[in-house]
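Comments concern the structure below.
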Amino acid sequence: RAYYLLLSGSGASPTPFLSDGWRNIYMEQENDWDRDLLLDPAWEKQQRKVRASESPGAAAGACKMRYFWKDGLAFNALIHRHRPELIDYDKLRKDDPVTNLNNAFEVAERYLDIPKMLDAEDIVGTLRPDEKAIMTYVSCFYHAFSGAQKAETAANRICKVLAVNQENEHLMEDYEKLASDLLEWIRRTIPWLENRAPEKTMTEMQQKLEDFRDYRRVHKPPKVQEKCQLEINFNTLQTKLRLSNRPAFMPSEGRMVSDINGAWHKLEGAEKGYEEWLLNEIRRLERLDHLAEKFRQKAAIHESWTDGKEAMLTQKDYETATLSEIKALLKKHEAFESDLAAHQDRVEQIAAIAQELNELDYYDSPSVNARCQKICEQWDALGSLTQSRRESLERTEKQLESIDELYLEYAKRAAPFNNWMEGAMEDLQDMFIVHNIEEIQGLITAHDQFKSTLPEANKERESIQAIQAEVQKIAQYNGIKLAGNNPYTTITPQSIDKKWEKVRSQLVPQRDQALQEELARQQSNDHLRRQFANQANMIGPWIQNKMEEIGRISIEMNGTLEDQLTHLRQYEQSIIEYKPNIDQLEGDHQLIQEALIFDNKYTAYTMEHLRVGWEQLLTTIARTINEIENQILTRDAKGISQEQLHEYRTSFNHFDKVRNSFEFKACLISLGYDGDAEFARIMGIVDPNNSGAVTFQAFIDFMSRETTDTDTADQVIASFKILAGDKNYITAEELRRELPPDQAEYCIARMAPYTGPDAVPGALDYMSFSTALYGESDL
């Protein structure tokens with residue numbers, strides 16, 4: 001009973017030796033003591049002895065007073081209430097008063113500096129212990145513990161302040177680590193995106209493009225979430241610092257939110273440039289492969305044609321030939337010159353292709369150049385040899401009389417026709433690259449035009465063959481034995497028929513099939529374009545509408561902050577549920593890229609624009625939710641009513657979102673503030689960086705700060721001074737005694753040594769520590 005009475009922070013005494021507070025508490029418990037004492041035989045015996053000399057009321061009061069302290073439990077309960085670590089109250093026994101009293105007196109003398117005034121045996125063995133001596137003893141306890149109560153209050157205040165500071169430091173460390181990790185990832189990624197080292201083959205470039213797609217799908221999305229979370233953590237930390245009257249958090253150099261946004265912007269720029277470079281390189285390599293194959297085909301045809309030509313031009317057969325043979329050789333040479341002139345265009349094409357391959361930095365340019373150089377040198381040599389042979393034949397031309405005009409006519413007509421067929425064969429086997437339906441339809445139209453010329457070409461072939469047939473007919477009719485093949489050309493009727501059959505029956509159908517397959521591929525590509533455009537033309541406006549709706553929600557302030565927060569979270573969930581449409585569009589975009597489609601006339605939206613819009617939408621809704629949460633923190637911490645918040649928002653919105661100091665001054669005047677000096681003071685609070693703009697959060701912080709009270713550095717210094725016993729310094733032992741262990745060690749680790757004239761060994765400066773907590777000095 002005495003223990004629970006003392007838990008209220010008071011003692012009990014009917015005498016003038018105690019304060020009025022303790023005496024009143026004692027009198028309130030008098031009825032409870034009466035009930036207990038009436039049941040105790042010792043109380044009955046004591047009461048009968050004092051009735052004769054004292055009035056009934058006084059005798060009862062004295063006996064109750066002595067009975068209350070006599071068993072020693074009250075003394076122990078009093079100590080246990082204020083210093084529970086000194087007394088194990090549960091082990092005390094009511095039937096052992098001597099032990100109880102000695103325990104209480106010894107503890108008071110050892111730990112509380114209260115001298116031992118009474119002996120336990122005197123109190124227990126005396127029928128009527130000295131009431132004044134007991135109350136004097138009790139008053140010593142009262143004075144000893146009254147100072148401890150103040151220290152406890154001061155310690156509680158310090159604990160509260162330190163707990164806030166520890167939490168803020170933890171949030172700062174988390175921000176620094178997250179910012180460092182994100183900046184390090186950006187630092188590692190940008191050089192990879194800025195690497196423009198070209199590859200030699202299409203396969204290697206395709207692998208680079210696949211790696212870039214993996215980066216877009218796998219590696220970048222988590223970093224987008226980390227960046228968003230970093231901004232949310234920074235805003236939440238700044239809000240908590242403002243609510244606890246702490247200075248704003250300034251991250252380490254290079255780790256500001258603006259620094260991270262700048263690095264992110266640089267990353268996205270490098271990413272865009274890298275993708276454009278990849279696509280351009282793929283186009284370049286595709287063009288190079290086409291040109292290289294075309295060069296090899298033309299070079300092979302030319303080399304096949306020139307094979308043996310030098311030997312033919314350098315032979316001396318005309319020296320032993322007959323006149324007719326000489327004339328035949330001359331005509332044959334004329335036919336060769338016609339053939340040579342016909343091949344001039346092919347040689348020029350080979351040289352032009354080689355030059356283009358060099359300009360496009362083809363990886364195998366040395367071998368191309370060597371082959372082209374060989375062809376050109378051989379061509380020059382053929383020209384010189386041709387001229388030399390013509391001169392030799394012309395010197396003997398007078399000795400030549402007969403020549404077979406039909407052979408000559410055959411050779412002259414067969415050579416261009418043969419060259420035309422070789423050109424047609426070359427064109428029919430030529431590779432083609434198109435990027436849309438219009439281009440392939442143009443090729444199909446050109447091919448149809450070519451096929452329309454085949455009947456006329458067949459007539460020319462039949463005419464040429466008729467010349468050879470006429471030669472045979474004349475020779476047979478006149479009994480002439482032909483020496484061999486046509487002396488003017490190596491083009492035989494069989495070779496013409498063979499090439500013609502190859503063109504008509506093999507190459508033309510193959511070309512038809514290739515063109516139709518390419519037409520089907522381009523139609524498929526056009527379907528992919530339309531499929532992507534249909535999705536993009538829906539998703540693009542949807543993202544724009546959502547951005548505008550979020551802006552309206554953040555301004556209109558319909559309902560309470562909790563209603564707005566619930567609405568925004570539901571809105572966020574609806575946006576997240578839209579993600580499968582984005583994923584589907586990504587899949588369509590991947591099909592387009594795999595098909596090497598580089599343009600889309602059906603939509604103005606690109607996948608890059610939609611990705612950026614989607615990321616901005618997610619960031620905007622997250623940032624808006626965070627702003628509402630911070631407003632709730634401000635409202636709950638500062639005690640701002642919903643009506644006040646509505647009034648602040650109405651004033652803020654009325655003046656165009658307070659974008660500059662002039663509009664903010666007008667807003668303050670509408671709320672009752674006036675004067676340039678007052679305005680300058682307020683601007684120093686809401687815009688410490690002199691940016692010229694005031695946010696709604698800063699506006700709420702200012703208004704709540706003007707109407708509420710918070711802890712200050714002076715209050716914390718006063719609390720430390722109480723713990724230090726009015727000294728200008730405090731010791732580690734006093735901190736460990738008065739504060740919880742973790743907060744005591746926190747203070748000891750951060751307090752600077754006290755250097756005043758009254759300093760003692762181990763003295764700590766709590767004044768500089770307290771001002772540092774509120775940003776008034778360095779910690």
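The values are calculated or read from the model by the stated rules, or taken from the named source; none is laboratory data. On a predicted model such as this, the values are computed, not experimentally measured, just so you know. All Cβ positions, glycine included, derive from the backbone under ideal geometry; neighbour counts span all protein chains shown. Please note that ligands, DNA and RNA were not included when accessible areas were found on the heavy atoms of the full protein model with its side chains. Shrake-Rupley method; radii C 1.70, N 1.55, O 1.52, S 1.80 Å.
Check off (1) outside any helix (DSSP H, G or I); (2) open to solvent by 50 Å² or more (accessible area, probe 1.4 Å) for Y362 and give me the number that stays unchecked.
Tallying (1) outside any helix (DSSP H, G or I); (2) open to solvent by 50 Å² or more (accessible area, probe 1.4 Å), Y362 fails exactly one: (2).
Output the residue which, of all residues in the range 440-457 that are open to solvent by 40 Å² or more (accessible area, probe 1.4 Å) and in contact with a helix residue (DSSP H, G or I) (Cβ under 8 Å, 6 or more places away or on another chain), is nearest to R529 (Cα to Cα).
Taking the candidates together, the pick is Q441.
Identify the residue in the range 228-254 that is without any contact (Cβ under 8 Å) to a residue 60 or more places away in the chain and open to solvent by less than 60 Å² (accessible area, probe 1.4 Å) and, among all such residues, is farthest from E608 (Cα to Cα).
Only one residue tops the list, namely Q238.
Could you tell me how many of the residues in the range 157-175 are farther than 12 Å from N233 by Cβ and open to solvent by 20 Å² or more (accessible area, probe 1.4 Å)?
8
With Q584, Q616, Q590 as the choices, which residue is assigned to a helix (DSSP H, G or I) and under 17 Å from I282 (Cβ atoms)? Explain how you work it out, then say what you get.
Details: Q584 fails: under 17 Å from I282 (Cβ atoms); Q616 fails: under 17 Å from I282 (Cβ atoms).
Exactly one residue qualifies, and that residue is Q590.
When the residues of the range 67-91 are filtered to those that are more than 20 Å from T153 (Cβ to Cβ) and in a loop (DSSP other than H, G, I, E, B), which remaining residue is most open to solvent (accessible area, probe 1.4 Å)?
Among residues in the range 67-91 that are more than 20 Å from T153 (Cβ to Cβ) and in a loop (DSSP other than H, G, I, E, B), the one most open to solvent (accessible area, probe 1.4 Å) is D88.
Could you tell me which of the residues L178, L162, L127 is within 30 Å of L101 (Cβ to Cβ), touching a residue at least 40 places away in the same chain (Cβ under 8 Å) and not aromatic (F, W, Y)? It would help to see each step written out before you state the result.
On the way: L178 fails: within 30 Å of L101 (Cβ to Cβ); L162 fails: within 30 Å of L101 (Cβ to Cβ).
Result: L127 is the single residue among L178, L162, L127 that is within 30 Å of L101 (Cβ to Cβ), touching a residue at least 40 places away in the same chain (Cβ under 8 Å) and not aromatic (F, W, Y).
Residues S304, S258, S252, S324: which one is not in a helix (DSSP H, G or I) and not aromatic (F, W, Y)?
On the way: S304 fails: not in a helix (DSSP H, G or I); S258 fails: not in a helix (DSSP H, G or I); S324 fails: not in a helix (DSSP H, G or I).
Of S304, S258, S252, S324, the one residue that is not in a helix (DSSP H, G or I) and not aromatic (F, W, Y) is S252.
Report yes if some residue within the range 722-733 is modelled with pLDDT of 75 or more, open to solvent by 30 Å² or more (accessible area, probe 1.4 Å) and assigned to a helix (DSSP H, G or I); otherwise report no.
Checked against the condition, which is being modelled with pLDDT of 75 or more, open to solvent by 30 Å² or more (accessible area, probe 1.4 Å) and assigned to a helix (DSSP H, G or I), the range 722-733 yields at least one hit.
For the range 507-520, which positions are free of Cβ contacts under 8 Å to residues at least 60 places away in the same chain and within 19 Å of L591 (Cβ to Cβ)?
Scanning the range 507-520 gives E517, A520.
Are any residues in the range 112-145 closer than 30 Å to Y766 by Cβ, open to solvent by 50 Å² or more (accessible area, probe 1.4 Å) and either aromatic (F, W, Y) or assigned to a helix (DSSP H, G or I) (or both), and if so, which ones?
Result: Y142, H143.
Any idea which of E501, E562 is open to solvent by 60 Å² or more (accessible area, probe 1.4 Å), closer than 29 Å to T445 by Cβ and more than 27 Å from the chain's Cα centre (by Cα)?
Of E501, E562, the one residue that is open to solvent by 60 Å² or more (accessible area, probe 1.4 Å), closer than 29 Å to T445 by Cβ and more than 27 Å from the chain's Cα centre (by Cα) is E501.
Testing E470 on (1) under 60 Å from the mean Cα position of the chain (by Cα); (2) loosely packed, with under 14 Cβ neighbours inside 10 Å; (3) modelled with pLDDT under 85; (4) not basic (K, R), one condition comes back false. Which one is that?
Only one criterion is unmet by E470, namely (1).
Just checking, does the range 202-212 include any residue being hydroxyl-bearing (S, T, Y) and under 23 Å from T620 (Cβ atoms)?
As a first pass, look at the range 202-212 and keep what is hydroxyl-bearing (S, T, Y): 203.
Checking which are under 23 Å from T620 (Cβ atoms) leaves us with none.
No, the range 202-212 has no match at all.
Run down E556, E608, E577 and say which single residue is at pLDDT below 85 and surrounded by fewer than 17 Cβ atoms within 10 Å (Cβ to Cβ). Before the answer, list the steps.
Details: E608 fails: at pLDDT below 85; E577 fails: at pLDDT below 85.
None of the other options fit; the residue is E556.
For the range 148-166, which positions are at pLDDT 75 or above and either among the small types (G, A, S) or within 35 Å of the chain's Cα centre (by Cα) (or both)?
Residues satisfying the conditions are A154, A155, L162, A163, V164, N165, Q166.
Cβ-Cβ distance below 6 Å, separation of 6 or more or different chains: which pairs start in the range 88-111 with a residue that is within 14 Å of W69 (Cβ to Cβ) and end on one that is surrounded by fewer than 18 Cβ atoms within 10 Å (Cβ to Cβ)?
P97/V124; V98/V124; F105/K116
Restrict the check to the range 526-533 and report whether at least one residue is in a helix (DSSP H, G or I), in contact with an Asp or Glu (Cβ under 6 Å, 6 or more places away or on another chain) and open to solvent by 30 Å² or more (accessible area, probe 1.4 Å). Step through it out loud before you land on a result.
Going through the range 526-533, the residues in a helix (DSSP H, G or I) turn out to be 526-533.
Now restrict to residues that are in contact with an Asp or Glu (Cβ under 6 Å, 6 or more places away or on another chain): 531-532.
In the following step, the residues that additionally are open to solvent by 30 Å² or more (accessible area, probe 1.4 Å) were identified as 531.
For the range 526-533, residues in a helix (DSSP H, G or I), in contact with an Asp or Glu (Cβ under 6 Å, 6 or more places away or on another chain) and open to solvent by 30 Å² or more (accessible area, probe 1.4 Å): present.
What are the pairs with Cβ atoms under 9 angstrom where one residue, in the range 438-457, is more than 26 Å from N600 (Cβ to Cβ) and the other, located anywhere, is open to solvent by 80 Å² or more (accessible area, probe 1.4 Å) and acidic (D, E)? Sequence gap at least six, or different chains.
Qualifying pairs under 9 Å: F450/D427.
Cβ-Cβ below 6 Å, separation at least six or inter-chain, first residue in the range 417-435 and outside the structural domain of L340 (by the TED database) and among the β-branched types (V, I, T), second open to solvent by less than 70 Å² (accessible area, probe 1.4 Å) and in a helix (DSSP H, G or I): which pairs?
Within 6 Å, the pairs are I433/H290; V434/I440.
State whether one or more residues within the range 258-275 are more than 23 Å from R196 (Cβ to Cβ), modelled with pLDDT of 80 or more and surrounded by 15 or more Cβ atoms within 10 Å (Cβ to Cβ). So that I can check it myself, show each step before the final result.
Filtering the range 258-275 down to residues more than 23 Å from R196 (Cβ to Cβ) leaves 258-261.
The next check asks that each one be modelled with pLDDT of 80 or more; those that pass are 258-261.
Restricting the remaining residues to those that are surrounded by 15 or more Cβ atoms within 10 Å (Cβ to Cβ) gives 259-260.
Yes; the residues of the range 258-275 include at least one that is more than 23 Å from R196 (Cβ to Cβ), modelled with pLDDT of 80 or more and surrounded by 15 or more Cβ atoms within 10 Å (Cβ to Cβ).
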